[in-house]
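What follows draws every value from the coordinates through simple rules; no lab data is involved. Every value quoted in this text rests on a predicted model; they were computed, and no experiment measured them. Cβ: placed from backbone, ideal geometry, glycine included. Neighbour counts: every protein chain shown.
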Amino acid sequence: MTDQQAEDQETYLDGYAGILTEAAGTGRRLTRDELEERRQLGERAAEAGHSLRSLVRLHLDATRASWPGGTTASGTGVADSVLAAVAQAVDAFAEGYERSQRLAVRQEEAARREFIDDLLYGRSDLGRLAERAERFGLVLSRAHAVAVAEGPEAYDDTAPVTRLVETALISRFGDRRILITTKNGQLICIAPGDQDDVLTFFAKQAYAATDGSRVAIGRPQTGAGGVVHSYEEALSTLELAERLELAEPVLRAADLLVYPVLTRDRQAMADLVGSVLGPLREARGGAEPLLRTLEAYFDAGCTAAEAARRLTLSVRALTYRLDRIHQLTGANPADPVHRYTLQTAVIGARLLGWPAQEI
């Protein structure tokens with residue numbers, strides 16, 4: 001510590017020696033005004049960036065220097081009075097210090113949350129947003145990609161799961177300009193677009209920490225607006241995975257681009273589903289069992305034995321269902337000419353919520 005720093009810290013002992021002297025002479029406790037003064041000194045010390053440890057040591061040194069002399073029996077009472085005053089003064093000083101620290105933390109958290117909201121909603125001036133981003137480790141002139149993890153429960157920035165995942169990423173990658181946060185109960189990781197290993201690791205950690213979450217990764221996009229677009233892609237991918245009942249724990253928007261294309265003209269897709277799959281409603285038990293049969297058949301690469309295993313059916317029962325589909329729709333799932341139309345209609349049915357919802 002320099003002489004100047006020591007001199008600066010001495011200001012936080014203003015009135016302390018006098019308090020000890022009076023305590024030794026009268027045995028009195030600190031007044032309410034004196035306690036508040038110690039708290040204010042503690043707040044100022046915290047705002048100035050001094051460590052609490054060094055300041056407590058400073059108080060102890062001052063106590064030793066101001067300790068009353070004498071070793072008579074009455075000195076025991078004096079010592080008790082002085083120690084009580086020391087305890088009060090240091091406690092009040094520490095209380096003020098901690099109060100300032102808590103306020104600083106709350107202000108930092110509020111600023112961080114405001115920045116996250118503005119960043120993910122794209123509702124702030126881009127120039128100002130880029131300046132604020134530097135404070136949180138992001139350089140918005142670069143491309144970024146966003147991963148979103150959705151678990152069995154909602155998470156916030158203070159949740160153990162959030163801290164666990166954040167600690168794992170920091171331990172693995174250090175300072176790589178990564179931002180871990182939460183939004184609407186979901187875990188979010190924003191990373192430079194050329195560091196896919198970060199997002200992959202985040203997905204693994206989130207899946208493990210949440211006991212089976214689903215993670216979607218948006219495509220890298222440039223600029224502050226790019227973060228919003230990548231985030232929205234990740235959210236859309238999560239929604240798509242739920243509607244299609246996809247089993248994969250990690251999904252990439254880049255791998256599912258065909259689905260938004262298929263649903264871009266909703267009316268055309270609805271017409272396709274209705275005309276191709278509509279006749280399945282006439283089957284005993286409705287369209288749903290046969291629709292699931294087609295899904296399993298296509299997912300199994302049109303291999304009847306594998307599709308039957310997935311549906312816990314015999315191959316004979318599966319073949320019967322495929323024949324029934326052929327009879328009702330006029331399209332043969334085993335025929336390459338018909339297969340594409342049927343598979344596209346099946347995808348459209350899941351995207352539109354058919355047959356549970358009317359189209």
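The alpha-carbon positions of the range 129-256 define a convex hull whose volume is 96 Å³ per residue.
Among (i) 20.5; (ii) 26.1; (iii) 22.1, which is the computed Kirkwood radius over Cα pairs in Å? Calculated Kirkwood radius over Cα pairs in Å: the matching label is (ii).
For the chain, the share of DSSP beta bridges that are antiparallel, to the nearest 5, is 85%. Summarising the overall dimensions of the range 223-359 from its C-alpha atoms, the Rg and Dmax are 16.3, 56 angstrom. Per-residue packing, averaged as other Cβ atoms within 10 Å, sorts the ranges 347-359, 210-222, 50-62 into the order 210-222, 347-359, 50-62, beginning with the highest.
The stretch between LEU246 and ARG142, if pulled fully straight at 0.36 nm per residue, gains 34.3 nm over its current Cα-Cα span. Gyration tensor analysis over the Cα atoms of the range 179-233 returns equivalent ellipsoid semi-axes of 20, 13, 9 Å (largest first, whole Å).
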